[in-house]
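Asker: Right, I'll just put the structure down here and ask away after.
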Amino acid sequence: MKIDKILESYDSFRESGLEDRFFKHQDLMRILDRHSGDFNTELAGHSLEGREIRLLTVGTGPCKVFLWSQMHGDETTGTMALMDLLNFLKHQAGSPISTLLLSACTLYLLPMVNPDGAERFSRRNAQQIDINRDYLRAASAEAKVLKAMHEKIKPSFGFNLHDQSNLWGVKNSTYPAALSFLAPAFDEPGSLNDNRGQAIQVIACIKDSLLGMLPGKIGLFDDTFEPRAFGDNFQKAGTATILIEGGSIIGDRKFQEVRKMVFAAILAGLSAISSASYLQNTTDNYLSIPKNTKSLFHILICDVFFQGIRTSIGINYEPVPTSDGNSIECFYSIEDIGDLSTMNAYQVYQADKMQIYGDIVYDCPADFDLVHGTETILSFKQGILQSK
Ligand SMILES: [Zn+2]
């Protein structure tokens with residue numbers, strides 16, 4: 001299966017009811033209602049604030065695959081990609097790829113595990129709990145639902161869909177990571193068992209399918225064992241668990257290109273599972289994926305004359321959701337000062353002929369003007385970007 005070929009017709013099955021990252025539970029329910037005649041839907045449970053969490057079952061194959069998204073309410077590309085997948089399977093019904101997939105696998109989709117977080121565009125749930133650190137206690141309503149569904153389904157494979165900060169890059173590359181992957185560890189030493197080995201092989205297949213489209217933009221996520229996380233515990237329980245982190249692509253401000261790549265990654269993974277082609281892939285190939293690194297700033301001002309020397313200034317913003325949860329506000333601070341020649345940024349200013357007016361204080365809000373002759377290039381007032 002050629003993923004790039006399938007993506008040529010992506011617009012024909014892209015879910016048009018989801019246009020940006022800030023959609024809410026009611027938007028998702030509208031889409032799921034529309035699909036209710038085509039796919040088996042059941043109520044998996046409710047969030048603390050009473051929002052429905054629904055499970056969809058697709059296909060009739062013997063291999064059970066569980067895909068869940070948005071445990072973190074502000075990480076929405078996975079939910080969008082799952083809705084694209086439903087449309088794809090519907091539109092391509094009878095095609096070789098969907099026939100193979102749905103006869104080899106039964107897919108269990110649990111989109112938007114944290115709808116109360118989505119409402120606020122926040123990582124955490126309404127009780128400010130990080131659901132992905134609540135596996136052991138399952139104190140939150142949402143963790144209970146996810147854990148119960150996993151225990152009920154007993155899947156062979158799991159797709160754990162998240163988004164990572166847009167400041168993660170890829171080792172030996174100047175790009176942000178568009179996608180990162182991990183077969184989570186199930187113990188402290190990072191041992192291998194059969195199902196973790198299978199997750200590794202599937203990820204190697206996904207990487208092989210997508211690297212041509214995303215050279216230098218695919219990374220391997222940190223594999224430190226987290227005893228409270230769901231992926232690590234599902235791996236321990238015998239589900240070959242595949243973590244997919246949507247990242248960032250320069251210029252893709254609405255994360256729609258990343259969404260498309262998350263869809264492509266899921267489809268490539270499902271294809272490798274349903275054809276059993278993953279069995280031919282290797283751990284070495286998986287380990288050849290370069291690790292995530294912090295090698296990016298949001299803004300980088302290079303070689304500006306400051307405090308009597310030429311130096312560079314790295315600036316990042318903290319995204320804070322607005323009170324209606326429909327957008328974010330960015331609060332900029334000075335992240336680093338010095339030789340930043342190994343770093344890249346979303347916006348780079350070569351500033352050897354520019355001047356800085358105001359204070360540059362490490363780890364404090366940006367509060368200065370960058371000026372070229374009579375033109376103001378950048379202006380910050382107490383962490384807020386005034387103009388570009
Ligand atoms: Zn996450």
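Asker: Applying 1/(1 + (r/R0)^6) with R0 = 51 Å to the Cβ-Cβ distance of residue 309 and residue 280, what FRET efficiency is obtained, to the nearest 0.05?
Answerer: Working from the Cβ atoms, E equals 0.35.
Asker: Let me check I've understood the local charge: for residue 170, count other residues with C-beta under 10 angstrom from its C-beta, Lys and Arg +1, Asp and Glu -1. What total comes out?
Answerer: Working: positive: 171, 217, 291; negative: none.
Here the charged neighbours net out to +3.
Asker: Moving on. List every residue whose amide H lies under 5 Å from the amide H of residue 44, counting only residues 5 or more places away in sequence or on a different chain, with H placed 1.01 Å from N in the peptide plane.
Answerer: For residue 44, whose amide H was placed from the backbone, the distant partners under 5 Å are 53, 54, 55.
Asker: Put a dot 7 Å past each Cα toward the Cβ at residue 2 and residue 165; how far apart are the dots in nm?
Answerer: It is 4.0 nm.
Asker: Give, in nm to one decimal, the length gained when the segment between residue 46 and residue 341 is fully stretched (0.36 nm per residue of separation minus the Cα-Cα distance).
Answerer: My answer for the length gained is 101.3 nm.
Asker: Moving on to the next point. How large is the accessible surface per residue of the chain, computed with a 1.4 Å probe and reported in Å² as a whole number? It would help to have the intermediate numbers written out before the result.
Answerer: Details: 16390 Å² over 388 residues.
Value for the chain: 42 Å² per residue.
Asker: For region 185-201, just list the computed ³J(HN,Hα) in residue order, Karplus coefficients 6.51, -1.76 and 1.60, θ = phi - 60°, integers in Hz, with x standing in for Gly and Pro.
Answerer: 6, 10, 8, 4, x, x, 5, 10, 10, 4, 6, 5, x, 5, 4, 4, 5
Asker: Work through the residues other than residue 323 whose Cβ is under 11 Å from its Cβ and net out their charges, Lys, Arg +1 and Asp, Glu -1.
Answerer: Once positives and negatives cancel, what remains is -1.
Asker: Okay, next question. Enter the Cα centre distance for the pair region 83-129 and region 134-149, rounded to the nearest angstrom.
Answerer: 19 Å
Asker: Output ³J(HN,Hα) for region 103-120: one whole-Hz value per residue in order, computed from phi by the Karplus curve 6.51 cos²θ - 1.76 cosθ + 1.60 with θ = phi - 60°, and x for Gly and Pro.
Answerer: These are the phi-based 3J(HN,Hα) values: 8, 8, 10, 10, 9, 10, 9, 10, x, 6, 5, 10, x, 5, x, 4, 4, 9 Hz.
Asker: Once label points are set 7 Å from the Cα along Cα→Cβ at both residue 174 and residue 213, what is their separation, rounded to one decimal in nm?
Answerer: Distance between label points: 2.5 nm.
Asker: Can you figure out the FRET efficiency of residue 293 with residue 10, using R₀ = 22 Å and their beta-carbon distance, to the nearest 0.05?
Answerer: Efficiency for this residue pair is about 0.15.
Asker: Taking H placed 1.01 Å from N in the peptide plane, check which residues at least 5 places from residue 377 or on another chain put their amide H under 5 Å from its amide H.
Answerer: It is 370, 371, 372, by chain and number.
Asker: Using 7 Å Cα-to-Cβ label points, what is the residue 318/residue 377 separation (nm, one decimal)?
Answerer: The modelled label-to-label distance comes out at 2.7 nm.
The values are calculated or read from the model by the stated rules, or taken from the named source; none is laboratory data. Not measured: the values here are computed from a predicted model. Quick reminder, even Gly has a Cβ in these numbers, built from the backbone with ideal geometry, and neighbours come from all protein chains shown. Just the protein is used for accessible areas: all its heavy atoms, side chains included, with ligands, DNA and RNA removed. Shrake-Rupley method; radii C 1.70, N 1.55, O 1.52, S 1.80 Å.
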